[in-house]
Every structure is written in structure tokens, then in C-alpha cells.
Amino acid sequence: MLNAPCTTDIALVKNTSEALSFVAYGLDWQVGDNIVSSNEEFPSNRIVWQSLADQQVEFREANLSTAETPEDALFALVDKHTRLISISSIQFASGLRMNLQRIGEFCKQQHILFCIDAIQSIGAVQFDVQKYQADFVMADGHKWMLGPEGLGVFYSSPAAREQLKLTQYGWHMMHDTHNYENKPWDTHPAAQRFECGSPNTLGIHALSASLSVLLDTGMATVERQVLANARYLMDAIQSHPRLELLSNASAHLQSGIVVFRHTQMTQQALYTHLQENNVVCAMRGGGIRFSAHFFYNVAQARHATSRNSGTPVAVIRSPTQRIGDAPAALRPPQTEHKAAQSWLPQMALRLFGIKF
Ligand SMILES: Cc1ncc(COP(=O)(O)O)c(C=O)c1O
């Protein structure tokens, strides 16, 4: 799912924040260095860099809408003291999808490290650490990967990994892992060096099952369906006179996240209305965020939209709304992929046309 050259380049970590902290506190910063990012980042990809201020390291936040492309906005802040670009592959509050290949090429040319918070991509859209020439990639498993909380992945290229001094120690990060008498000891050459102690075995089994669902379906199919769902929702929102789409609708900037607002209802009222109608969503980015995964199918929609079913069913679940999503995704019939287009029009009319 990452297209890492080797599985040994991936460490299993607690979450995205932990992996970002490995990078931030592993690099040997010089006074005057800077990190370039955006002003749309989730706090995990901001505060860890801001925390380096006491080492005289500057955190620069690009306004991604001020240049011709979001990438140009980042590049404009780079200078000869830039050591790292750290960016979300897809912005959590707008759904903006970055051109990672372009940023990776730029970073290589400029000898800048490239760090990607990929939590809103992996499991939703295809991802390729080699194509993006990424040095560090991290993602928690509980969003689009449909895993449990408390287990994430951290990719580091072998060269970049060598630049990180270690900040956590324990038996599991030794090269000769099960030789408890080895004094002195060596650091594990692979990414396992970031796994200091006993693994989260329960979480690993659960994530493995979730990933099987995605891989059995095929990430190309998953991505196609996620983008089709988002595109349909965007079209429905754009064709409604009182709804305003806040996500960028350009195809190359599109992700699985769709954010919109109502021009006459408060965000809170709209959110409450949707919750009352069993539509799971989130308040983000000045509006309501939908993030419909690939597993919505015609049968579910029929059930969900039936007035007589008597069973409250979430019509559009968000993988960012964790509770209940993983079991739903793992139910066998839901792995059968079907196009959502046929039910989404009815949904959109019902949701967006009648009540608000
Ligand atoms: C872009 C992004 N990064 C990180 C996180 C969460 O970080 P962690 O995995 O450390 O909980 C989120 C959660 O919403 C997110 O949207």
C-alpha cells in the first residue's frame, strides 16, 4: 500500500504523531534551519515542528491558496536553510490533495528532506513512496485503513533513517533482537529500530485483517470508488442552491474528503440535522466534512434510504468517525464492490433537497 522497496523500511508505531516526533527529535538541527509546511496542517504536523523553536529552528507555514498551485506556495518559502518539507498528502480540513511527485522532485533537486503525513491517503487512494521520493511517511491505521486506534506505520528510506538519532530504547530495537545477553549490542539496521519494545499484537492482527479487505479489493478499485463517491457528493452539493462546496473541485486536487457548508444554516445546526438523520459526518474546515469510503453499495443505500426499514443506519459513514467503521468494513458482503452512483442521487436529493 506504500510501495516501499522493502517491508523492513516500515516500522509499526503508536500513531502519526509518534512517527513525526521520531523525525523532529531525530534530526540534527543547526541554528537557523527551517521547516516548510502549510497553514492547513493537523496539529500533529505543526506543533512538533514548532516545538523546535527553542533550538532556533523556524517553522514556516505556506498559505496553499496564495500561489498558482499549492506546491508553488510551499516552494516560495524554501531557502538555503530549509532542511525539510513536511506536508499532509491530503489536507484533513479541506480535502486538498497535494502533488507529491512534484514536491518529491523539488526536494531531491534542492537536497531537502521530504516528510509526508499520509493518514488521509493510505487506504483511500494509491500511494507510492518511491514515486514521491519520500524520506519519511507516517500514517495511523484507524482512518482510511480501517484499523484500530493505537497502531500506525512509519516508512523511512534507508538513507534518511541513518540521519535520525534514536529517541526511544528497548530490547526490540536491537539487531540481535532475541539475544538478551548481548552486551554490547547493535541498533537494528532496519526500521525496526523505531519499535523499542513489545509490539501491539492485538492491533497488528486487527490492522492486518482491515488491510486484507482493502488489498483483496485492490487499491485501484478502492481509489476509483472513493473518488467517485466524493465526486458525486461534490456534484450534488454544487447543484443545490443553498449549499456551498468548500473543497476544491478540480479533479487533480480531489480526494475522498468533501467539505461544504449551508448558506442559511449554522454549521452546528447542519451537523445536528445530519446526525439526527443518521448521517455520520464531522465539523471541519468551516463546514461539514464527508469522507465516504469505498464500501458503500446499493444494498446498503436501499436499506438506509428505506422509510420502512425501521433500523437506523448511517448512510454516509466517515472513516474519520472511528466507532463502528472497522466492523462495518469487515463484514464480508461489504467487500463486494459495487458502484455507488445509483443510490447517491436519491441520497443527495433526500439529504440536500428537502430538509435544509
Ligand atoms: C492529517 C492528520 N494527521 C494526523 C492525525 C492524527 O494523528 P495521530 O495518528 O497521531 O492520532 C490526523 C487525525 O485526524 C490527521 O487528520
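The values are calculated or read from the model by the stated rules, or taken from the named source; none is laboratory data. Predicted, not measured: the structure shown is a model, and the values here were computed from it. For neighbour counting, all protein chains shown are included, and Cβ atoms are generated from backbone atoms with ideal geometry for every residue, glycine included.
With respect to being assigned by TED's automatic domain parsing to the domain that holds Leu12 and within 16 Å of the ligand (Cβ to nearest atom), Gly147 fits the description.
You will find that of Asp128, Asp117, the residue that is within 11 Å of the ligand (Cβ to nearest atom) and among the acidic types (Asp, Glu) is Asp117 and no other. When the stretch 255-283 is limited to residues that are modelled with pLDDT under 90 and assigned to a loop (DSSP other than H, G, I, E, B), the one that is farthest from Ile119 (Cα to Cα) turns out to be Asn277. Restricting the first member to the stretch 185-212 and to residues that are part of a helix (DSSP H, G or I), and the second to residues that are of a type in the set (Val, Ile, Thr) and loosely packed, with under 13 Cβ neighbours inside 10 Å, the beta-carbon pairs closer than 8 Å and six or more apart or on different chains are Arg193/Thr187.
Selection over the stretch 12-35 of residues that are outside any loop (DSSP other than H, G, I, E, B), touching a residue at least 60 places away in the same chain (Cβ under 8 Å) and more than 14 Å from the ligand (Cβ to nearest atom) gives a count of 0. If only residues of the stretch 90-102 that are surrounded by fewer than 24 Cβ atoms within 10 Å (Cβ to Cβ) and under 16 Å from Lys131 (Cα atoms) are counted, the one that is nearest to the ligand (Cβ to nearest atom) is Met98. If you go through the stretch 75-89 and keep only what is within 16 Å of the ligand (Cβ to nearest atom) and outside any strand (DSSP E or B), you end up with just Ser89.
Listed conditions (1) over 25 Å from Arg46 (Cα atoms); (2) part of a strand (DSSP E or B) are all met by Cys115, apart from (1). Within the stretch 118-142, can you find the residues that are under 15 Å from Arg97 (Cβ atoms) and in a loop (DSSP other than H, G, I, E, B)? The answer is Ala118, Ile119, Gln120, Ser121, Gly123, Ala124, Gln126, Phe127, Asp128, Lys131, Tyr132. Considering each residue of the stretch 44-58, count those that are in contact (Cβ under 8 Å) with a residue 24 or more places away in the chain, surrounded by fewer than 19 Cβ atoms within 10 Å (Cβ to Cβ) and not acidic (Asp, Glu), and give that number. The number of residues fulfilling the criteria is 4.
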